[in-house]
Amino acid sequence: MTGRGWTESLTVVPGRRKYILLTDSEGYGEIQPVWESLNDGEVPIELRFFQDSPHLDKGLEDWLSAQKMGTCLYIAGKWERVKPLFRLAERVGFTEEEMQVKGVGPREKRVFCARCHTINRAGEDAEIPCRECGEKLEVSSHYSRLHDACYGFVII
Amino acid sequence: MDPLVDRFPFPFGEKAPHRYSNNSVPLDPPLSVEVTPTYREEVELKRRLLREVHSRCYRSLPGTEEAQWEAAQLVLDHLAGHAPERFRLKQEEDRRIFVNRVMEERREFTFRDASTLPCEPLDFAGRHVQEDLILMAQKDGELILEAGQLCFPANWSLAFKLGMTFREIHEPIPGFNEGGLSDQIERFLLRMEAGRPWVRRNWSLTVGRHLDTSPETIHRWGRQKKEVTPENAGSLVHLRVEVQKLFRLPRSHAVLFTIHTHLLPLEKLARRLEWLERFHRVVTTLSDEILKYKGILEFHEPMVRYLEGLRAGGGRKA
């Protein structure tokens, strides 16, 4: 997944009023260089670990929504954890310019069936059968943020 | 003389080979809709699709109400202006009376009061025109597909593309992001002004006379591509042209696209020798990448053999 907010590698953005770094054990290797580069004792910086689905963590949502404008957010961790965290951050008001998100490890792809609109789960396969209508789908890179899924073309 | 040929919006000029470009020109007269002799047939087909598969043909995001009312007002007003003997829109302050004599319908409603219509305003207006209607909201310097009534898509999914930016929508088109073209077109759309509409033509090929070439039904219409031979290409393969008209809506600042789809079988196209020559030049100079994207690759070879047979015979089968 690419697009605004999502990144292939986290980059240090100096000059912000505060930094928040969110990670799990899998994402720590990505976050650590950012932490070391920014943690100069002058700008506020907080590092938090998460393990469970952020859906369940109301405290995290309240804490993020209490942050002020100008706060820069970094998120790194397993795909299935960072995706809902990204949506949570968007929901509480972080813009995609204010955050960088990096997914780590194997990633499950969601594939939208062009025929019946079912969201299928796929690995790295280029073609999959739709679990609902059975059509053979070519997995594309055309991505919808609304569906959080890639388009699956029906192969005729 | 064939009225279908006479009114067909043939899209290819004398010189240009096919390439993606910002081919919009000012729209004159500035009307968003056109009523053709197939009006009743096409409106009935739209309504059947909306009845049977509404969530495929109509989508809107919250917050689009104002733009929808503006779009509905503009479309119905243009319809009445274009064909006043068949359509009428009477306005008294917020009260509207819309009369469609072709469908023998009369609807009274209150502008900006959704409870006075049987469906959302864009959906309502779209049930009275042959055009598909697409609304792009403009937010933070980006255009976002936020509502649409799409019954006759050229193999794209409204359900999937809803909520996408202009760039995201066009991401699958080969070469669209090369040479700054997508930037150029996006800038053009962002700068469009109210009262100065534009029009462009977009083309593709369809096997069979199908207006509804949706990805949801490709298992039906798509398989016909394999049946094309040099002998039947003239009647099976149709040049499909979308006349897309672009309007800036002054209050909501959204952009309305009205899309009127026209189909012409190649055997009729070939009656005009200059059209045959231009069409042949275009389809024989497309890259495989574009042929695949446009869904032509499967029947390209028999179609070109058909065209070459015609050219050898001066427009008639050699």
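Some points to look at:
- Listed residues B:E267, B:E92, B:E34, most fluctuating in chain B (Gaussian network, C-alpha, under 10 Å): B:E92
- Listed by chain and number, the aspartates and glutamates whose alpha-carbon sits under 15 Å from that of A:K18, ignoring those within fewer than 8 places in the same chain, are A:E36, A:D40, A:E42, A:E46, A:E97, A:E98.
- A simple charge model with +1 on the Cβ of Lys and Arg, -1 on the Cβ of Asp and Glu and nothing else charged puts the dipole of segment A:18-104 at about 240 debye relative to its Cα centre.
- Ranked by the mean number of other Cβ atoms within 10 Å of their residues, highest first, the peptides A:64-73, A:107-116 fall in the order A:107-116, A:64-73.
- Convex hull of Cα atoms in segment B:36-131, direction-averaged projection (nm²): 6.1
- Per-residue 3J(HN,Hα) values for segment B:69-81, derived from phi via the Karplus relation 6.51 cos²θ - 1.76 cosθ + 1.60 with θ = phi - 60°, read 5, 4, 5, 5, 4, 4, 5, 5, 5, 5, 4, 5, x Hz in sequence order (x marks Gly and Pro).
- 25 °C / 0.890 mPa s Stokes-Einstein diffusion coefficient of chain B, Kirkwood radius on C-alpha pairs, µm²/s: 119
- The mean count of C-beta atoms from other chains within 10 Å of the C-beta of residues in B:153-166, rounded to a whole number, is 4.
- Sorting the segments B:146-155, A:40-49, B:291-300 by their residues' average number of neighbouring beta-carbon atoms within 10 angstrom, most packed first, yields B:146-155, B:291-300, A:40-49.
- Partner shielding of A:143-156 amounts to 5, given as the average count of beta-carbon atoms from other chains within 10 Å of each residue beta-carbon.
- Each Lys and Arg Cβ is given +1 and each Asp and Glu Cβ -1; about its Cα centre, segment A:102-153 then shows a dipole of about 220 debye.
- Per residue, the convex hull spanned by the Cα atoms of the protein assembly as shown measures out at 172 cubic angstrom.
- Separation of alpha-carbon centers, segment A:94-154 and segment B:54-106, rounded to whole Å: 37
- Anisotropy class of segment A:109-154 from Cα gyration tensor, a/c 1.5 cut: oblate
- Residues of segment B:44-88 with an amide N closer than 12 Å to a point placed 7 Å from the Cα of B:I97 along the Cα-to-Cβ direction: B:88.
- Under the convention that each Lys and Arg Cβ holds +1 and each Asp and Glu Cβ holds -1, the size of the dipole of the protein assembly as shown around its Cα centre is about 1420 debye.
- Calculated P(r) tail over 15 Å for segment A:18-104, as whole % of Cα pairs: 53
- Look at the stretch B:169-175: the mean tally of other chain Cβ atoms within 10 Å of its residues' Cβ atoms is 2.
- Expressed as a whole percent, the accessible area of chain B that falls on carbon and sulfur atoms is 48 (1.4 Å probe).
- Among beta bridges that DSSP assigns inside the protein assembly as shown, antiparallel share in %, nearest 5: 75
- Cross-link table A:K136/B:K139; B:K90/B:K139; A:K102/B:K245; B:K90/B:K245; A:K58/A:K136, entries beyond 29 Å C-alpha to C-alpha: A:K136/B:K139; B:K90/B:K139; A:K102/B:K245; A:K58/A:K136
- Cross-link table A:K68/A:K109; B:K15/B:K294; B:K226/B:K268; B:K46/B:K294; A:K83/B:K294, entries beyond 26 Å C-alpha to C-alpha: A:K68/A:K109; A:K83/B:K294
- A:A126-B:E178 FRET efficiency (beta carbon distance; Förster radius 25 Å; 0.05 resolution): 0.55
- Packing, taken as the mean count of other beta carbons within 10 Å per residue, orders the peptides B:123-135, B:160-172, B:251-263, B:186-198 from highest to lowest as B:123-135, B:251-263, B:160-172, B:186-198.
The values are calculated or read from the model by the stated rules, or taken from the named source; none is laboratory data. Everything numeric here is computed off the predicted structure, so don't read it as measured data. Backbone-built Cβ (ideal geometry, glycine too); neighbour counts: all protein chains shown. When the accessible area is computed, the model is the full protein with side chains, heavy atoms only, and any ligands, DNA or RNA have been set aside. Shrake-Rupley method; radii C 1.70, N 1.55, O 1.52, S 1.80 Å.
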